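Worksheet for the structure shown next.
The values are calculated or read from the model by the stated rules, or taken from the named source; none is laboratory data. Remember, it's a predicted structure, so these values are computed and weren't measured experimentally. Here Cβ is always computed from backbone atoms with ideal geometry, including for glycine, and neighbour counts include all displayed protein chains. SASA here: full protein model, heavy atoms, side chains in, ligands and nucleic acids out. Shrake-Rupley method; radii C 1.70, N 1.55, O 1.52, S 1.80 Å.
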Number of protein chains: 2
Amino acid sequence: MADPQQVLCAHFDRYLALDEAERRALMERSRVRRLKKRGFILQEGEVCRCYTYVVEGCLRMYEIDAKGVEHNLQFAQENEWIVDIGSFHAEKPSSLFIEALEPSTVVCIEHGDLLRLYTEHPKFDRNFRVIIEDLFVELQQRLLRRNASSAEQRYAHFVQHHPGLAARVPNVHVASYLGVTPEFLSRLRAKTSKRG
Amino acid sequence: MADPQQVLCAHFDRYLALDEAERRALMERSRVRRLKKRGFILQEGEVCRCYTYVVEGCLRMYEIDAKGVEHNLQFAQENEWIVDIGSFHAEKPSSLFIEALEPSTVVCIEHGDLLRLYTEHPKFDRNFRVIIEDLFVELQQRLLRRNASSAEQRYAHFVQHHPGLAARVPNVHVASYLGVTPEFLSRLRAKTSKRG
DNA sequence: AAATGACCTTGATCCAGATCAAGGCTTCAG
DNA sequence: CTGAAGCCTTGATCTGGATCAAGGTCATTT
């Protein structure tokens, strides 16, 4: 299989492509990590030390509320980023967990390393700006949908736009991501499959 | 009153401060606009042409759903940005409205101008990256709260963290922002004020 | 000063989705 | 092979919040 760091470089090339120096800097300032299923990258109370890029596998980021209930905030599959940006930048303890749902291969960039990449190669400022802008737009859409659509519509949208995830991730987690209980999602699924 | 563009420069100085050349470029590539109450910066179907910085006043961004109901996605007061980033970057028609809730003064940067600022002065890449990262974190928190907290808790949080807005903006809009009906928010308020 | 419209409130009723409880299927560690 | 833990489903019941309807206050316009 391709070298994970090469995959990361290729990912950046989809934005403003990296030159040789930038590529080398990125290789030096990142490191590959393998996770087994249920492995944690981040747990509540820890500082989120890494920007993490998923080369293979699937992770989720979630919070546990006062009643002990989990709330999935984000999934990350191949070629997606996952990080608690707030904790990462402020270097403050996170309230979130990041856990591998499958055995996964990721590339991590630590805080200090990323700052150096930014100042030594401004193109990373640019590329990460664009990456986050895209994530931001997605998140806004999600919040709008959360307020404007029924659970049924939200689930339909999820399946349409993330068929891969819908197949890959247990429904409990999808339910939590959509903001409904697993029981209710199960009923929605029963209803929709009868129709279709 | 201070020159609006100066206020914008001062805003950037809170991140990586601008040098003389950058400041001049910013002045050249932005323009001041005054809005009256109910004035629109953006309407559904239009392309969002500007990154807009609020110097004075208060705006809201919202969507109208299939049933004709408005959903407030964001408020912007003094020293805050408001823009449909998705529409802005893709130069595609927006599904959102941006409307002044009060007579307001804003500074706009158009698409082409912003791109030039980015490429001619990479510091803008940096500063806008940081700005969006902060907005992103806020938005994530909001989505988490939407899924993990009751309407009552969300309203309490809103009042605590945005006392200015709570006083300034009609409750109809706050309700929509929180994802509840105005009637229900009214009942929550009645309940909480009785207690307090 | 009347009239329109924006905003807030309160009551009655309804419903999407939660909660509680139980049973069954799979998968995987021991 | 066996048990236990995940995961999914289905039923019965409950509730946070929506919907519908009406009235009241205030500010702006004419």
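Would you list, by chain and number, the lysines whose Cα falls below 25 Å from the Cα of B:LYS67, excluding same-chain residues fewer than 8 positions away? Leaving aside lysines fewer than 8 places away in the same chain, those within reach of B:LYS67 are A:LYS191, B:LYS92. Fully extending the segment from B:THR181 to B:GLU152, taken as 0.36 nm per residue of separation minus the present Cα-Cα distance, adds 9.2 nm. In the context of the full set of protein chains, the stretch B:71-196 has a per residue accessible area of 43 Å² (1.4 Å probe). Helical content alone sets the calculated 222 nm signal of chain B at -15500 deg cm²/dmol, taking -39,500 (n - 2.57) per DSSP H segment of four or more residues and averaging over every residue. Put the Cα centre of the stretch B:149-196 next to the Cα centre of the stretch A:37-87 and the gap is 31 Å. Compared with the dominant principal axis of the Cα atoms in chain A, helix A:123-148 is inclined by about 10°. If R0 is 51 Å, the Cβ-Cβ spacing of B:SER193 and B:LYS92 corresponds to a FRET efficiency of close to 0.70. Between the listed residues A:ILE85, A:ALA190, A:CYS58, the Cα displaced farthest toward the positive end of the dipole of chain A, a dipole computed from Cβ unit charges relative to the Cα centre, is found at A:ALA190. Cysteines in chain A lacking any other cysteine Cβ under 4.7 Å from their own Cβ: A:CYS9, A:CYS48, A:CYS58.
Can you pull the percent of chain A's accessible area that's carbon plus sulfur, 1.4 Å probe, other chains left in place? Of all accessible area on chain A, carbon and sulfur atoms account for 50 percent.
The residues of the stretch A:83-97 occluded by other protein chains by 50 Å² or more of accessible area, set against the chain on its own, are A:ILE85; surface from heavy atoms, 1.4 Å probe.
Compute a Gaussian network model of chain B, connecting alpha carbons closer than 10 Å, and tell me which residue from B:LEU35, B:LEU16, B:LEU59 fluctuates the most. Looking only at B:LEU35, B:LEU16, B:LEU59, the biggest GNM fluctuation is shown by B:LEU16. Kirkwood hydrodynamic radius of the protein assembly as shown, from the reciprocal of the average inverse Cα-Cα distance over all distinct pairs: 22.6 Å. Compared with the dominant Cα axis of chain B, that is its longest principal axis, helix B:151-161 is turned about 40°. Each residue of the stretch A:16-28 is assigned a 3J(HN,Hα), and the resulting list reads 7, 4, 7, 8, 4, 4, 5, 4, 5, 4, 4, 4, 5 Hz, derived from the Karplus form 6.51 cos²θ - 1.76 cosθ + 1.60 (θ = phi - 60°), x at Gly and Pro. A P(r) calculated from all alpha carbon pairs of the stretch B:128-196, with 10 Å bins opening at zero, reads 19, 49, 25, 6, 1 percent.
I'd like the residues of the stretch A:111-145 whose 1.4 Å-probe accessible area shrinks by no less than 50 Å² going from the isolated chain to the full set of protein chains. SASA drop of 50 Å² or more in the stretch A:111-145: A:ASP125, A:ARG126, A:ARG129, A:ILE132, A:GLU133, A:PHE136, A:LEU139, A:GLN140, A:LEU143, A:LEU144. Only Cα pairs within less than 10 Å get springs; with that Gaussian network setup on chain B, which residue of B:ALA21, B:ALA166, B:ALA151 has the largest fluctuation? Most flexible of the set in this elastic network: B:ALA21.
Computed from protein heavy atoms with a 1.4 Å probe, the total accessible area buried between A and B is close to 3300 Å². Each peptide among B:184-191, A:186-193, A:4-11 gets the average number of other Cβ atoms lying within 10 Å of its residues, and from highest to lowest they stand as A:4-11, B:184-191, A:186-193.
Sorting B:73-79, A:122-128, A:87-93 by average packing, meaning the other beta carbons within 10 Å per residue, from highest down gives A:122-128, B:73-79, A:87-93. For A:GLU22, the shell of other residues with beta-carbons less than 15 Å away shows a net charge of -1, using +1 for Lys and Arg and -1 for Asp and Glu. Taking chain B as a Gaussian network of alpha-carbon nodes connected by springs under 10 Å, the highest mean-square fluctuation of the residues B:ILE132, B:ILE82, B:ILE41 belongs to B:ILE132. Each label point was placed 7 Å from the Cα along the Cα-to-Cβ direction; for A:VAL32 and B:ARG24 their separation is 5.0 nm. Compared with the dominant Cα axis of chain B, that is its longest principal axis, helix B:111-120 is turned about 60°.
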